[in-house]
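Trainee: Okay, here's the structure, questions in a sec.
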Amino acid sequence: MTQAFNSLGTTIAPDYGQLGPASEPTWSAELGIHWRIFDGGVRKNELLIAESKRREAEDELTARDDETTREVWTAYIAFRTALRKHEAAVALLESGNASYSASLDAYKYGVKNLVDVVTAENQLARARLSNVSARSELFLEAVNLEFATGNLLRNQPPATSLQAQDGHQ
């Protein structure tokens, strides 16, 4: 049998599961009731605060929904505007090509002078620049619309494929 010593050097005897005295309770239980008669309106105020926080969260959600809708509509309108600009630039380019060809032919037949041909060529160059600018703006607005609608992250048909409601594609 081994003996254990405490810090004072005295021997500690092991307890082998012997029962304690019968006069000591081995467990106890209590039951208590706490009843608040008057709380000074604390519960009512807590309820009002919780209701206020709920309304605040609803208002914030509505504001974010409105902001998202506004962002999508702004992107859509910008895309449609860029589409119309591109259509106008294409028409201007066709007109510039026709004007330049007509001026060049008239110069060849001696009807117009070289200044008219150079002016038509300058207008054609501006029409080409306008076409390139409108086309790049159209692509940027198309990507912006796809971003605003979230289609860049999903496998959806492009938002830029317009419905044939107004006869334009």
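No value in this document is a laboratory result; all are computed from the given coordinates. Quick caveat: nothing in here was measured; it's all calculated off a predicted structure. Methodologically, a virtual Cβ is constructed for each residue, glycine included, from the backbone with ideal geometry; neighbour enumeration extends over all protein chains shown.
Trainee: Calculate, in nm to one decimal, what E94 and D66 gain on full extension: separation in residues at 0.36 nm each, minus their alpha carbon distance.
Mentor: Stretched out fully, the E94 to D66 stretch lengthens by 5.9 nm.
Trainee: OK, next. Cα extents of region 75-149 along the three principal axes, largest first, in whole Å?
Mentor: 57, 13, 11
Trainee: Mind sorting W73, W35 by how few other Cβ atoms lie within 10 Å of their own Cβ, fewest first?
Mentor: So the ranking, lowest neighbour count to highest, is W35, W73.
Trainee: Report the extension gain between I37 and V115 in nm, rounded to one decimal, defined as 0.36 nm multiplied by the number of residues separating them, less their alpha carbon distance.
Mentor: Gain on stretching I37 to V115: 17.9 nm.
Trainee: Still on this structure, please answer the following. How many nm is it between the label spots at N45 and F147, if each spot is 7 Å from the Cα in line with the beta carbon?
Mentor: About 4.9 nm separates the two model spin labels.
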